[in-house]
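Novice: I am attaching a structure below and will ask some questions about it afterwards.
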Amino acid sequence: MIRPLADRVLIEPKEAETKTASGLFIPDTAKEKPQQGTVLAAGPGKKDEPMEVQVGDTVLYGKYAGTEITVDDKKYLIVRQSDILAVL
């Protein structure tokens, strides 16, 4: 498993919506990048900045935040704690 360092957090992004509320299907070219996900692992934090998120939290992060990685055909995102906007 991946173990983030310092103030970094490993997030599993939520799947993009494939259907609108009214029932219309969204094509792949029009799908937006998800901005929500579940925390899978968190680093220990920095000396002057403790970690505020925990494993299992559902978080909202910036649209272009972090670095995408792929492990075993699954996409993950590594972001700094400061890139997380809110815990849902």
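The values are calculated or read from the model by the stated rules, or taken from the named source; none is laboratory data. The shown structure was predicted, so the numbers you read here are calculated from the model rather than taken from an experiment. Cβ coordinates were reconstructed from backbone atoms using ideal geometry, including for glycine residues, and neighbour counts include every protein chain displayed. Surface areas here come from the heavy atoms of the whole protein model, side chains and all, with no ligands, DNA or RNA. Shrake-Rupley method; radii C 1.70, N 1.55, O 1.52, S 1.80 Å.
Novice: Does E52 meet the test of being at negative phi and outside any strand (DSSP E or B)? Spell out the reasoning first.
Specialist: Details: at negative phi: yes; outside any strand (DSSP E or B): yes.
So E52 fits the description; yes.
Novice: Answer yes or no: is there a residue in region 13-21 that is surrounded by 10 or more Cβ atoms within 10 Å (Cβ to Cβ) and at pLDDT 85 or above.
Specialist: yes
Novice: Same structure, new question: If you check K63, K33, K14, which single one turns out to be charged (D, E, K, R) and touching a Pro at 6+ places or on another chain (Cβ under 6 Å)?
Specialist: Of K63, K33, K14, the one residue that is charged (D, E, K, R) and touching a Pro at 6+ places or on another chain (Cβ under 6 Å) is K14.
Novice: I'm checking my understanding of the structure. Among residues of region 31-88 that are touching a strand residue (DSSP E or B) at 6+ places or on another chain (Cβ under 7 Å) and among the polar types (S, T, N, Q), which one is least open to solvent (accessible area, probe 1.4 Å)?
Specialist: Only one residue fits best here, namely Q81.
Novice: Sticking with this one: Got a number for residues in region 55-88 being outside any loop (DSSP other than H, G, I, E, B) and within 14 Å of R3 (Cα to Cα)?
Specialist: Just the residues of region 55-88 that are outside any loop (DSSP other than H, G, I, E, B), to begin with: 58-61, 67-71, 74-87.
Among the residues that remain, those that are also within 14 Å of R3 (Cα to Cα) are: 69, 71, 76-80.
So the count comes out to 7.
Novice: Condition first: at negative phi, in a loop (DSSP other than H, G, I, E, B) and at pLDDT 75 or above. Now tell me which residues in region 22-42 satisfy that.
Specialist: S22, L24, I26, P27, Q35 - these are the residues of region 22-42 that are at negative phi, in a loop (DSSP other than H, G, I, E, B) and at pLDDT 75 or above.
Novice: Still on this structure: For region 2-12, how many residues are buried (at least 16 other Cβ atoms within 10 Å of the Cβ) and not in a loop (DSSP other than H, G, I, E, B)?
Specialist: Qualifying residue count, region 2-12: 4.
Novice: For region 38-47, does any single residue satisfy the condition of being in contact with a Ser or Thr (Cβ under 7 Å, 6 or more places away or on another chain) and of a type in the set (A, V, I, L, M)?
Specialist: No: zero hits.
Novice: Taking region 37-51, which residues are touching a Leu at 6+ places or on another chain (Cβ under 7 Å) and among the acidic types (D, E)?
Specialist: Selection gives nothing.
Novice: Now for a separate question. Determine the pairs where a residue that is free of Cβ contacts under 8 Å to residues at least 60 places away in the same chain and more than 23 Å from Y76 (Cα to Cα), located within region 20-49, has a partner that is among the aliphatic types (A, V, I, L, M) and surrounded by 10 or more Cβ atoms within 10 Å (Cβ to Cβ) with Cβ atoms under 7 Å apart, the partner being 6 or more residues away or on another chain.
Specialist: Here the result reads T20/I26, each pair linking region 20-49 to a residue that is among the aliphatic types (A, V, I, L, M) and surrounded by 10 or more Cβ atoms within 10 Å (Cβ to Cβ).
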